[in-house]
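After the structure tokens below, expect a handful of questions from me.
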Amino acid sequence: MLTPAEKAAGLDANEMLAIQRLAGSGLGDYYVADQNGVQRLRTSGVAIAVSNGAITGHAYLKTGGYYDDVYEKIAPGQWRIKSRTLAPASAPAR
């Protein structure tokens, strides 16, 4: 289910899959603990977010850590990474 912010930014399932592919191979699952401490799957690969019209994502690596990305749409179904910062495995995810 898409959020209102994702819809307003022009995202849909196809656009999100394009971002997932762009983020690269070597991505892995990311789990977070729920209120009971049980590990729950948060995402497989990229957690996409929209803030103030910017499309961002955490591309979680199989080896630990993640890329903190900002994506830019260049055409329907085509994206580029506008900026990418590596957060090492020891850095907490936000």
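Condition first: in contact with a strand residue (DSSP E or B) (Cβ under 9 Å, 6 or more places away or on another chain), of a type outside the set (Gly, Ala, Ser) and either exposed (fewer than 13 other Cβ atoms within 10 Å of the Cβ) or assigned to a helix (DSSP H, G or I) (or both). Now tell me which residues in the range 8-18 satisfy that.
Listed by number, the residues that qualify are 15, 16.
Residues in the range 34-79 that are without any contact (Cβ under 8 Å) to a residue 12 or more places away in the chain, in contact with a Lys or Arg (Cβ under 6 Å, 6 or more places away or on another chain) and β-branched (Val, Ile, Thr): how many?
Qualifying residue count for the region: 1.
Just so you know, all these numbers are worked out from the coordinates, no wet-lab data involved. All values reported here derive from a predicted model rather than from experimental measurement. Positions of Cβ are generated from backbone atoms using ideal geometry, with glycine treated the same way; all protein chains shown enter the neighbour counts.
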